[in-house]
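Below is one structure; the comments refer to it alone.
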Amino acid sequence: MEKRIKGVSYAKYGYIFCIPFVLGFSLFMLYPLVHTIVISFSNYEGASRYLSGRFSVLDNPLANYTRLITENRLFWTSLSNTLKIWIINFIPQIVLALVLTAWFTNRRNKIRGKGLFKVLFYMPNIITAGSIAILFSALFSFPIGPVNYLLELIGVREAPINFTISLSASQYIVAFIQFWMWYGYTMLILTSGVLGLNPEIFEVSEIDGANGIQQFFFITLPNLKTILLYMLVTSIVGGLTMFDIPMLFNDGGPDSATTTLSIFIYRQAFSGSFLLNRAAAASMLAFILIAVLSVGVFYLLRDKDAARLKKEEKALRRALEAERRAG
Amino acid sequence: MEHKSIGSRFFKALVYTVCITLGLMSVYPFFVMFLNATRSSNEIRVQAVPFLPSSFLQLNMDIITKSKQFNPMLGFRNSLIVAGGTVFCSIYFSCLTAYALTAYNWKMRQPFFTFIMAVMMIPGQIVTIGFYSMMWQLGFIDSYLPLILPAVASPTIVFFMRQYLLATFSLDIVNSARIDGAGEFSIFNRIVLPMMKPAIATQTIFVFVGSWNALFLPRVLLSTDSKFTMPIMVSLLRGNIYATEFGAIYLGISMSVIPIFIVYFTLSKYIISGIQLGGVKE
């Protein structure tokens, strides 16, 4: 009854008001996606084709893919760099964020200044990533940068370290910047997840004599699974498309050690020989990888999780009921 | 009771030590940056970690203004145009779409929402090549339009706006406006949009900052120096200034982040609670 007043149907406005979104999506996302797929099957490479915009689909449409996978070492290097940098940033990030979440939501020992800490921890996330990358490359500069100066001051090193020519140092620094920029965000999401939980489950467990650590592992963590899943998936998507920091910290170097998938794609397409077809194929492989990983994560964690959550909820409700009857 | 208080004292000492260290870690790089922006390259060479500002701000400024591509005022203006346009497109049309998803009963409503949820996860970067090629053929390279218009379809913002509407919207107001003879489109503009102000405010901050910080697409699409946004100018900083002019480099970075600092510290309360809103959604 609610959709009609005096016999007028308003349903059509639902369609009308969605037109801009649908148009925008089709023009700027769907069409470019299809176009990227077509380019990935084509001979769209070299300056002259690039300028004329004329290209045709190859006789063997998968040639760009097979060439990337079988011949292109840099593609594999950039893929493994991306995964490596993502893992060394994500694991400490999620661990620190969980620890901070446990501390900030601790019910017995209230921490003061939480608001200020949150503001400070989140701050790096909102600053232009490009500026941060340039700033860190200045901080780590050789032989007279602030980091080298501090290391000398506390007596850790004898001679200045040239961070920018060390392969693993560059990877670790890029991973560190990512970690430093994102742990605050992760913590904020996790904390609000905990605050969104029903306080009764904590109260009941306290009556049962659970301590803070037990509460964290047996109540908080299982209940945060959906949010952790969300963090994992968004972090995979963000990590696999990482561009600004490695590009500006050390130009993807040294010796391609911080060349990520996005930098690889960017360079294939827009520098030197304009291999737009190869770049498009690499983009599609990245897309497939992202899709497989995200769907995989969802599949592995979700069903089990939902079933268990339901079971826990039932058990909890029973416990609460018993509690109420006893009290 | 006694041992618990010792335990909790230890716990608090640990927590505050770690939190203060992390807090300093967030601030310190920027502290070094701002101070070094006022120092000469010579001073930085002698002592890279400063404690006090020096008096070479003007000198560093002169070095920066001599560079061709780094022009902070122009960068601010260009970034403002792009970010402003992006905010308008994404906020207005996301509200409209979210309104369509909550206020009207139409057959495709649920499938359409599922569709929006599904495309939320697709990273825009992977279609860059096709997007670029399309813009090239349309003659939109080196224009702000391809940076602004795609914001019309922002699935994430639609999702947030819908969540907000579901919690606050009531059909009664709309129905009484209908009885007064208002058209559907003007009901949206005059009644629904003002109602959504709190959600609009939070999302505006995030869209604005996100667009202001974007580097990848602007760098791919823009080619004229005078159209460069702030992040592109920063990315060219090291190539533009003689590499040993550290003071000037620090000043350039500082100028690029000052607007964000101002926005962040004046609105931090809303920004933090805005992010935390995202966490409670499930």
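The values are calculated or read from the model by the stated rules, or taken from the named source; none is laboratory data. Please read all numbers here as calculations on a predicted model, not as lab measurements. Here the Cβ is made from the backbone with ideal geometry for all residues, glycine too, and neighbour counts use every protein chain on show. Each accessible area value is taken on the protein alone, full model and side chains, heavy atoms only, with ligands, DNA and RNA left out. Shrake-Rupley method; radii C 1.70, N 1.55, O 1.52, S 1.80 Å.
Before moving on, here are some points about what is shown:
- In the set (1) among the hydrophobic types (A, V, I, L, M, F, W, C); (2) at pLDDT 90 or above; (3) under 30 Å from A:I290 (Cβ atoms), the condition left unmet by B:M120 is number (2).
- Taken over segment A:149-160, the residue count meeting the criterion of being assigned to a loop (DSSP other than H, G, I, E, B) and either open to solvent by less than 50 Å² (accessible area, probe 1.4 Å) or in contact with a Leu (Cβ under 7 Å, 6 or more places away or on another chain) (or both) is 1.
- A single entry from B:A100, B:A153 fulfils the requirement of being without any contact (Cβ under 8 Å) to a residue 24 or more places away in the chain and among the small types (G, A, S): B:A100.
- As a summary of the residue check, B:G239 satisfies the conditions (1) farther than 30 Å from A:L197 by Cβ; (2) within 16 Å of the chain's Cα centre (by Cα); (3) open to solvent by 60 Å² or more (accessible area, probe 1.4 Å) except for the one numbered (2).
- Within segment A:251-276, considering residues that are within 21 Å of A:A63 (Cα to Cα) and more than 14 Å from chain B (Cβ to nearest Cβ), the one surrounded by the fewest Cβ atoms within 10 Å (Cβ to Cβ): A:G272
- Restricting segment A:161-170 to residues that are free of Cβ contacts under 8 Å to residues at least 60 places away in the same chain and under 23 Å from A:T82 (Cα atoms), the residue that is surrounded by the most Cβ atoms within 10 Å (Cβ to Cβ): A:F163
- Segment A:28-56, subset more than 8 Å from every other protein chain (Cβ to nearest Cβ) and either within 20 Å of B:F93 (Cβ to Cβ) or in a strand (DSSP E or B) (or both), residue modelled with the highest pLDDT: A:L30
- Among the residues of segment B:61-89, those identified as under 19 Å from the mean Cα position of the chain (by Cα) and either β-branched (V, I, T) or closer than 21 Å to B:I191 by Cβ (or both) are B:I81, B:V82, B:T86, B:V87, B:F88.
- Sole exception among (1) in contact (Cβ under 8 Å) with a residue 40 or more places away in the chain; (2) assigned to a helix (DSSP H, G or I); (3) open to solvent by 20 Å² or more (accessible area, probe 1.4 Å) for B:S94, by number: (3)
- Extreme residue, surrounded by the fewest Cβ atoms within 10 Å (Cβ to Cβ), among residues of segment B:38-55 that are part of a helix (DSSP H, G or I) and of a type in the set (V, I, T): B:V46
- Output for segment A:100-134, where each listed residue is in a helix (DSSP H, G or I), under 18 Å from B:F10 (Cα atoms) and within 8 Å of chain B (Cβ to nearest Cβ): A:L100, A:W103
- Residues satisfying the stated conditions in segment B:236-260, i.e. out of contact with any Phe, Trp or Tyr (no Cβ under 6 Å at 6 or more places or on another chain), of a type outside the set (G, A, S), part of a helix (DSSP H, G or I) and more than 9 Å from chain A (Cβ to nearest Cβ): B:L251, B:M255, B:I258, B:P259
- Residue pairs meeting the criteria (Cβ under 8 Å; at least 6 apart or on separate chains; first of a type in the set (A, V, I, L, M, F, W, C), in segment B:160-183; second open to solvent by 60 Å² or more (accessible area, probe 1.4 Å) and in a loop (DSSP other than H, G, I, E, B)): B:L171/A:E2
- Wholly within segment A:170-256, helices (runs of 4 or more DSSP H) carrying at least 1 residues that are at pLDDT 90 or above: A:225-240, A:244-250
- Failed item in (1) surrounded by 14 or more Cβ atoms within 10 Å (Cβ to Cβ); (2) under 32 Å from the mean Cα position of the chain (by Cα); (3) over 30 Å from A:L221 (Cβ atoms); (4) within 13 Å of another protein chain (Cβ to nearest Cβ), with A:I19 passing the rest: (1)
- In the set (1) at the interface with chain B (Cβ under 9 Å from one of its Cβ atoms); (2) touching a residue at least 12 places away in the same chain (Cβ under 8 Å); (3) buried (at least 17 other Cβ atoms within 10 Å of the Cβ), A:G239 fails one condition alone, (1).
- Those residues of segment A:1-16 which are among the aliphatic types (A, V, I, L, M) and either modelled with pLDDT of 95 or more or open to solvent by less than 80 Å² (accessible area, probe 1.4 Å) (or both), in sequence order: A:I5, A:V8, A:A11, A:I16
- Residue that is farthest from the other protein chains (Cβ to nearest Cβ), among those in segment B:167-197 that are over 20 Å from B:I91 (Cβ atoms), open to solvent by 50 Å² or more (accessible area, probe 1.4 Å) and hydrophobic (A, V, I, L, M, F, W, C): B:I173
- Subset of segment A:114-148 (residues that are closer than 19 Å to B:V46 by Cβ and open to solvent by 50 Å² or more (accessible area, probe 1.4 Å)): A:F142, A:P143
- Contact map, segment B:213-235: first residue more than 7 Å from chain A (Cβ to nearest Cβ) and aromatic (F, W, Y), second residue part of a loop (DSSP other than H, G, I, E, B) and open to solvent by 20 Å² or more (accessible area, probe 1.4 Å), Cβ cut-off under 9 Å, separation 6 or more or different chains; pairs are B:F228/B:Q69; B:F228/B:N71; B:F228/B:L236.
- Residues of segment A:179-218 that are of a type in the set (S, T, Y) and surrounded by 20 or more Cβ atoms within 10 Å (Cβ to Cβ): A:Y183, A:Y185, A:T186, A:T191, A:S192.
- Residues in segment B:112-150 that are open to solvent by 30 Å² or more (accessible area, probe 1.4 Å) and either closer than 23 Å to A:T234 by Cα or among the β-branched types (V, I, T) (or both): B:T114, B:F115, B:M117, B:A118, B:M120, B:M121, B:I122, B:G124, B:Q125, B:I141, B:P150.
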